[in-house]
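Here is the structure we will look at.
Computed from the coordinates by the stated procedures, all read-outs in this text should not be read as laboratory data. Computed from a predicted model, the values in this text were never measured in an experiment. All Cβ positions, glycine included, derive from the backbone under ideal geometry; neighbour counts span all protein chains shown.
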Amino acid sequence: MYDVIIIGSGPAGLSAAVYGIRAGLHLLVLEQNPMSGGQILNTYEVDNYLGLPGISGFDMGQTFRAHADKLGVEFVTARVKEIVDNGDFKTIRTRRQDYEARAVILASGAEHAHLGVPGEEELSGMGVSYCATCDGAFFKGKTVAVVGGGDVALEDAIYLARTSSKVYLIHRRDELRGAMVLQEELKSLPNVEILYSHTVQEIRGTEAVESLLIRDVKTGSDRELPVDGIFIAVGIHPMSELAATLADCDPAGYVLAGEDCASSCKGLYVAGDIRKKPLRQVVTAVADGANAAVAAAEFVRQFQKK
């Protein structure tokens, strides 16, 4: 019986692990991927985390994990299939074995949203990508498109512009949503063209991406845009399926929880991108992890006093 089991080892999960182990909790971290760090592993550069300007996402993830390792946090690579609420404790079921804990901190993160257009699934990995830093090197000297208007889309376009000959940024609205500093940098790049008020209707190609069918949402007219690749950055979906039958969620699937990260299910805490909140950044994920660990520690102490 563990005091706390943490599911996920991105910034939120690792922060919870550090705070939990320092609070003297007997805890375990379950991570389905072979490497800790979550989504930041695919981020070329993180420039807004206090004290670490310009650090790569990969280095940040490894630094966070090293901190937890130094404190002796126990990690197991396993995919969680189900969380069972037994009242005074939870059973966490994985493919290989079950684990038990007084409290669970769910920090499973989020996954990339898809456009849902013809050709997207068929050409995935053949010019359709959701990670510019992962796949950008394959498009050196080529023409690519980035879809989206938020920080991630702008960062992807800036990154790709360093090696690609031409970058189109396709955004459905008539203004971008990303940080102004990113907008200014993007607009200063000579090989970037922003296509406002456009959507992608179809991704075309046989063995690889060859072109996009795009639509001007104001006029309704369509045209074909020749590209060698498309990078989709239109948001994320919370990976909150494990909490869906246990805790209250909003229509989009984000788990409802306050600043103490306590869900409506007693003993289940949520941290990071799966929690409903106005800002989802590394800094807020780390804060969630700390708050969740402190709240879970207090919850566990109630049993120790009995």
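Across the chain, Cα pairs under 8 Å and at least six residues apart give a relative contact order of 21 percent.
The stretch 71-108 and the stretch 2-35 have Cα centres separated by 10 Å. With a Cα cut-off of under 25 Å and a minimum spacing of 8 residues unless on different chains, the lysine pairs in the chain number 18.
With a length cut of 27 Å (Cα positions projected on each helix's long axis) and a Kyte-Doolittle mean of at least -0.5, go through the chain and give me the DSSP H helices that pass.
282-304
By counting other Cβ atoms within 10 Å of each Cβ, how are V29, V286, V76, V294 ranked from fewest to most?
Values: V29 26, V286 22, V76 13, V294 17.
In order of increasing Cβ crowding within 10 Å: V76, V294, V286, V29.
For Y99, Y19, the sequence from fewest to most other C-beta atoms within 10 Å is Y99, Y19.
Across the options G8, H26, H112, the greatest Cα extent toward the positive end of the charge dipole of the stretch 1-134 (unit charges at beta carbon of Lys, Arg, Asp, Glu) belongs to H26.
Any idea what the relative contact order of the stretch 145-251 is, in percent, if you count C-alpha pairs under 8 Å spaced at least 6 apart? Before the final figure, lay out the partial values.
On the way: 183 pairs, mean separation 27.9, N = 107.
Answer for the stretch 145-251 is 26 percent.
Under the classification rounded if a/c is under 1.5, otherwise prolate if a/b is larger than b/c and oblate if not, where does the stretch 128-232 fall, given a ≥ b ≥ c as square roots of the Cα gyration tensor eigenvalues?
Details: a/c = 1.79, a/b = 1.04, b/c = 1.72.
In terms of gyration-tensor shape, oblate.
Computed from the C-beta positions of V84 and Q281 and an R0 of 41 Å, the FRET efficiency is 0.80 to the nearest 0.05.
Taking 0.36 nm per residue of sequence separation and subtracting the Cα-Cα distance, how much length would be gained by fully extending the chain between V76 and K187, in nm to one decimal? Could you put the intermediate results ahead of the total?
Numbers: separation 111, 0.36 × 111 = 39.96 nm, distance 4.49 nm.
Length gained between V76 and K187: 35.5 nm.
Every helix of 4 or more DSSP H residues in the chain counts as -39500 (n - 2.57), and over all residues that averages to -7500 deg cm²/dmol at 222 nm. The Cα center of the stretch 167-204 and the Cα center of the stretch 38-70 differ in position by 26 Å.
Sorted fewest first by neighbouring Cβ atoms within 10 angstrom, E155, E100 come out as E100, E155. With the simple model of a label 7 Å out from the Cα in the direction of the Cβ, A179 to H26 spans 4.3 nm. Solvent-free Debye calculation, one equal scatterer per alpha-carbon of the chain: log10 I(q)/I(0) at 0.13 Å⁻¹ equals -0.92. Cysteine residues of the chain whose C-beta has no other cysteine C-beta under 4.7 angstrom: C249, C261, C265.
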